[in-house]
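Data first, discussion second: the structure below is written as structure tokens.
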Amino acid sequence: MNISILQEVLKNLESHRQTFHQIHKDRSVNGVPVPPEQLQDMAERFNFVSTSSYAHLIKLEFWEIKYRLMAFLVLAESKLKSWIIKYGRRDSVELLLQSYLTFIEGHKFFEQYEIIFTALQQAAEVYVKSDSSIDEAEGVSKFLSDATAQWKNLALEVRSVRSMLEEVISNWEKYSSTVAGLQAWLEDAEQMLNQSENAKRDFFRNLSHWIQQHMDMNDAGNFLIETCDETVSRDLKQQLLLLNGRWRELFVKVKHYARADEVDKLRQDYQDGINTLKMFMDATNEKMTAPVQVSFLNVRAFVQDVEEVKHKVPAMEAACKAASRTAQLLTKDTPQEEVSQMMAVMASIKEQLSKVCRSLPLLRESQSLLPPLEEMEKNITGFYQALEKASHITSTTDSEGPVDFKQRCQELATFTHSCKKCLTVIERNHQTIQKIMNSSKTLQHMDMSLLQKRVGDLQASSQTMIKESTEWRKHVEANSSLMKRFDESRVELEKVLKMAQHCLTERGNPEELLKKHTEFFGQLDQRVLNTFLKACDELTDILPEQEQQSLQETVRKLHKHWKVGPGRSLTASRKQCMSLSTRPAPQWRET
């Protein structure tokens with residue numbers, strides 16, 4: 001309210017100052033002179049109001065926020081006192097928790113404090129700067145420090161209220177449920193005391209469960225007795241006294257049945273442990289003794305299985321020790337015959353487990369097989385790839401030109417060399433693997449027959465490829481020779497036919513032409529044609545059927561040309577010469 005009044009007064013300060021300046025200048029008001037002393041007094045008072053009013057306003061604003069914070073802390077402390085009380089029944093505690101949540105979360109209690117305290121710090125900083133008093137600055141600083149410490153303790157207690165209320169509700173829930181269940185069970189149990197021994201043994205088999213329920217009931221009840229008001233605590237004490245009295249009276253008569261339940265649990269734990277160990281032993285025995293055909297993939301899978309067994313061994317050893325301890329605990333409550341049987345089973349499992357541990361070195365020997373096997377697999381793949389390419393060449397028997405034949409021979413030699421190189425590496429690794437297998441006492445279940453067969457097949461394939469390559473080279477060389485002979489005879493025949501054709505078409509003196517033709521055709525040898533035909537027959541035998549027709553067409557054309565040309569060339573030459581002798585001499589004229 002003081003701030004509002006001051007702000008209202010200061011609103012007209014400037015207009016009053018201007019009025020006073022005018023009076024001070026005129027030295028009068030409406031023509032009435034004002035004494036200098038009065039003017040001086042008014043000037044001093046105006047100066048005081050102007051210089052101190054804003055500082056006073058800042059101080060009032062700081063005080064306002066300061067008392068808002070103090071009021072907030074007082075409210076929080078009063079609320080805390082209303083929550084830190086001796087509690088009542090569960091319903092009242094739940095209502096109290098709901099009230100707490102509404103106040104803290106609904107009104108954003110902690111966020112509101114942060115807003116007020118931040119505003120107070122800012123107002124305090126402005127106030128201290130406007131007031132040069134050291135004592136005042138120290139007072140402000142001390143108030144902020146005290147408020148911070150007070151809030152720290154208060155906030156901690158306020159936050160703990162919720163967990164406390166929830167714990168009280170939880171204990172009410174636990175107490176109510178255990179009391180209800182225990183009362184019902186006590187009624188059944190008290191009636192069961194009159195039944196037969198077998199019926200009682202069967203009914204009290206889960207006595208350990210009700211022992212735990214009884215303990216939970218007392219824990220929850222004692223907690224509530226300490227935290228609830230006197231009326232509620234008195235009722236709880238009375239109820240617990242009655243129930244505990246009934247429990248003690250019953251428990252004295254049936255406590256020996258709790259051991260039976262414990263023994264059953266021990267038996268179940270023992271059997272579960274034995275089953276787990278037997279499953280592990282059976283699986284391990286199958287993995288580590290089953291025949292393994294030696295190959296990279298099979299050995300790698302075997303190594304992975306053995307590594308898995310190795311990782312499980314520590315857990316199985318712990319399970320074996322636990323089962324042994326359980327068996328020892330059962331000896332007091334188990335017939336001697338059954339105890340002997342359990343001890344025999346444990347001894348057998350320990351021996352099997354020890355055998356597994358002793359056989360684990362085969363892991364290292366199995367791992368030593370992997371590098372040579374992996375290298376073998378890579379070279380086997382490389383061998384068959386090169387063999388396939390070589391077989392593709394040797395399966396082609398077509399006659400080829402000398403250049404193409406030479407290139408094919410080089411490619412075949414390269415593929416053959418690759419096969420030999422791969423086979424050498426394969427055989428070396430095969431020998432390495434055989435040495436490891438022969439020197440090992442733990443890898444007897446590994447079968448080398450498949451690997452040996454694969455190596456034998458590779459060696460046989462290599463020999464077959466070398467034989468086929470040699471035959472192919474001889475065959476292609478022979479085919480090339482026949483093709484060369486055919487081409488040479490064809491060229492020779494075509495040369496003769498061309499010369500004969502030239503004789504038949506040339507012009508000149510008939511007698512000279514006749515003499516020249518008689519000499520040329522007289523020397524013409526039929527063996528030129530025979531050589532060509534023989535080369536053609538030999539080449540036909542090696543050519544594919546689709547190419548024989550073209551060859552035969554060429555032969556028929558040349559043979560026909562021979563019959564038409566050299567076969568009748570001398571007669572034709574004579575006729576030509578005679579026609580030239582009867583023909584008029586050509587008339588030459590200058591060009």
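The values are calculated or read from the model by the stated rules, or taken from the named source; none is laboratory data. These numbers come from a predicted model, not from an experiment. All Cβ positions, glycine included, derive from the backbone under ideal geometry; neighbour counts span all protein chains shown. These accessible areas exclude ligands, DNA and RNA; they are computed on the full protein's heavy atoms, side chains included. Shrake-Rupley method; radii C 1.70, N 1.55, O 1.52, S 1.80 Å.
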Scanning segment 325-380 for residues that are closer than 30 Å to residue 424 by Cα, in contact (Cβ under 8 Å) with a residue 24 or more places away in the chain and open to solvent by 40 Å² or more (accessible area, probe 1.4 Å) gives 365, 367, 368, 374, 375, 377
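Rundown of residues vs (1) in contact (Cβ under 8 Å) with a residue 40 or more places away in the chain; (2) among the polar types (S, T, N, Q); (3) touching a strand residue (DSSP E or B) at 6+ places or on another chain (Cβ under 6 Å), yes/no style:
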{"residue": "250", "(1), (2), (3)": "yes, no, no"}
{"residue": "255", "(1), (2), (3)": "yes, no, no"}
{"residue": "268", "(1), (2), (3)": "no, yes, no"}
{"residue": "289", "(1), (2), (3)": "yes, yes, no"}
{"residue": "303", "(1), (2), (3)": "yes, no, no"}
The number of residues in segment 454-473 that are under 43 Å from the mean Cα position of the chain (by Cα) and either among the hydroxyl-bearing types (Ser, Thr, Tyr) or exposed (fewer than 11 other Cβ atoms within 10 Å of the Cβ) (or both) is 1
Taking segment 428-453 and keeping residues open to solvent by less than 30 Å² (accessible area, probe 1.4 Å), modelled with pLDDT of 80 or more and of a type in the set (S, T, N, Q) leaves 429
Selection over segment 210-221 where residues are open to solvent by 50 Å² or more (accessible area, probe 1.4 Å) and closer than 14 Å to residue 170 by Cβ yields a count of 1
Exercise for the section: Kindly check whether there is at least one residue in segment 494-505 that is open to solvent by less than 70 Å² (accessible area, probe 1.4 Å) and modelled with pLDDT of 80 or more. Expected result: no
Within segment 198-209, of all residues that are of a type in the set (S, T, N, Q) and surrounded by 14 or more Cβ atoms within 10 Å (Cβ to Cβ), the one nearest to residue 248 (Cα to Cα) is 208
Test for residue 195: is it surrounded by fewer than 18 Cβ atoms within 10 Å (Cβ to Cβ) and not in a helix (DSSP H, G or I): yes
Restricting segment 381-403 to residues that are of a type in the set (Asp, Glu) and surrounded by fewer than 13 Cβ atoms within 10 Å (Cβ to Cβ), the one modelled with the highest pLDDT turns out to be 388
Of the candidates 176, 160, the one satisfying the condition of being assigned by the TED database to the domain that holds residue 230, among the polar types (S, T, N, Q) and farther than 16 Å from residue 72 by Cα is 176
Considering residues that are surrounded by fewer than 18 Cβ atoms within 10 Å (Cβ to Cβ) and either in contact with a strand residue (DSSP E or B) (Cβ under 8 Å, 6 or more places away or on another chain) or not in a helix (DSSP H, G or I) (or both), the number found within segment 79-98 is 5
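Here's the yes/no breakdown for (1) modelled with pLDDT of 80 or more; (2) not assigned by the TED database to the domain that holds residue 339:
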residue	(1), (2)
252	yes, yes
266	no, no
269	yes, no
272	yes, no
275	yes, no
278	yes, no
281	yes, no
287	no, no
291	yes, no
*asked:* Considering only segment 234-243, I want to know if a residue exists there that is under 30 Å from residue 93 (Cβ atoms) and part of a loop (DSSP other than H, G, I, E, B).
replied: no
